[in-house]
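Here's the structure, in structure tokens; my notes come after.
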Amino acid sequence: MHFLPLVLLPLAAQAINIVSSNDDGWAEKNIRTLYDSLTAAGHQVVISGPAENQSGTGSRDEPPSNLTQPCEFNSCPPGRAYGHNASQPHWNYVNSYPVTSMKHGIQSLASNFFGGPPDLAVAGPNVGANIGLAVFLSGTVGATTYAANEAKIPAIAFSGMSGDALAWNESTPAYSKIYADLAAKVTDRVVAAGTPYLPADIWLNVNFPEVTDTSCTSVDDFQFVLTRILGAVPLVTPDDVETCGGKRLPSETSVILRDGCYASISVGTASDKKDANATMQAVVLDKLGELLACLPSD
């Protein structure tokens, strides 16, 4: 595997400014739990999420309209196109699509809270995996690729297989806390590797496997594997970066669905949501370093 020399990496990730969005809605449990994990790690975070569940809306983008009914989970009153939690101005809603929400966070909220553009954009953790062809429909991915492509902000999408959409004020399930802490771990690793955090027009698609009462019950149980978004076509798809003894990365699907607590990290091109080439994969491989593991031989 390619690694940056450890002496070049800071002992701890530098605190940065982050805009956070999703497609499950601003009041869904996962995005609020991620906020807690990222802020506990020292980062400044502002949420800019859709007022309603907008799963499956891809890269749609329309000007927000005034709400005609309360936000999801009765989390805000009707009447406004934009707003925030009454006691926490860092939690914001936009009555439109995930891309529109991310755009508002980057173009408007970041200036208010950070005094300029954010250093990083994150989306999720999505309720349900976004693997393979699902990336082309996912609003979580749409928000992420907008940030990386059009806004030129490094961006990471997080998704997890466990759970259903859950209100922010419900008890936090184990999977939500584990996914949030794993996402913060990946974020800190990317930041610790230094700027530029990711190459231009590159985004990361991170998927977490199922968490049950008896398996994958701790962050320490998980290993991250570098993967492809789409399956490779023999004799057609160019080689991937050389790692783990080969030049072909496993697919996200094969990693997420195998036994064990393996999370996938794919390197995508934001302009088309497809796999990046081996050169860009190598840059990310070096940045992630020892965070990544090789799958055991079957």
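Overview of results
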item: Paramagnetic reach from GLN44 in the range 58-90 [backbone N under 16 Å; point 7 Å along Cα→Cβ]; result: 89-90
item: Sum of -39500 (n - 2.57) over DSSP H runs of 4+, divided by residues of the chain (222 nm, nearest 500); result: -7000 deg cm²/dmol
item: Residues VAL233 and SER271, FRET efficiency given R0 of 35 Å [Cβ-Cβ distance, rounded to 0.05]; result: 0.95
item: Peptide ranges 23-29, 158-164 listed from the most packed, as the mean C-beta count within 10 angstrom indicates; result: 23-29, 158-164
item: Contact order normalised by residue count of the chain, Cα under 8 Å, 6+ apart, percent; result: 20
item: Sites SER297 and ALA165, calculated FRET efficiency, Cβ-Cβ separation with R0 35 Å, nearest 0.05; result: 0.35
item: Residues with amide H under 5 Å from that of VAL211, placed H, sequence gap 5 or more; result: SER162
item: Calculated FRET value between ASN66 and ASN112, using beta carbons and R₀ = 22 Å, to 0.05; result: 0.55
item: Lysines whose Cα lies under 24 Å from that of LYS247, excluding same-chain neighbours fewer than 8 positions away; result: LYS273, LYS274, LYS287
item: Percent breakdown of C-alpha pair distances by 10 Å bin, ordered from the shortest bin, for the chain; result: 7, 31, 37, 19, 5, 1
item: q = 0.20, 0.25 Å⁻¹: log10 I(q)/I(0) that the Debye formula gives for the range 35-126, counting C-alpha atoms only; result: -1.01, -1.44
item: Degrees separating the helix 139-149 axis from the principal Cα axis of the chain, which is the longest one; result: 70
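All of the numbers you see were taken from the coordinates with simple rules; none came from a lab. These numbers were taken from a predicted model, which means no experiment stands behind them. Heads up, the Cβs are rebuilt from the backbone with ideal geometry, glycines too, and the neighbour counts pull from every protein chain shown.
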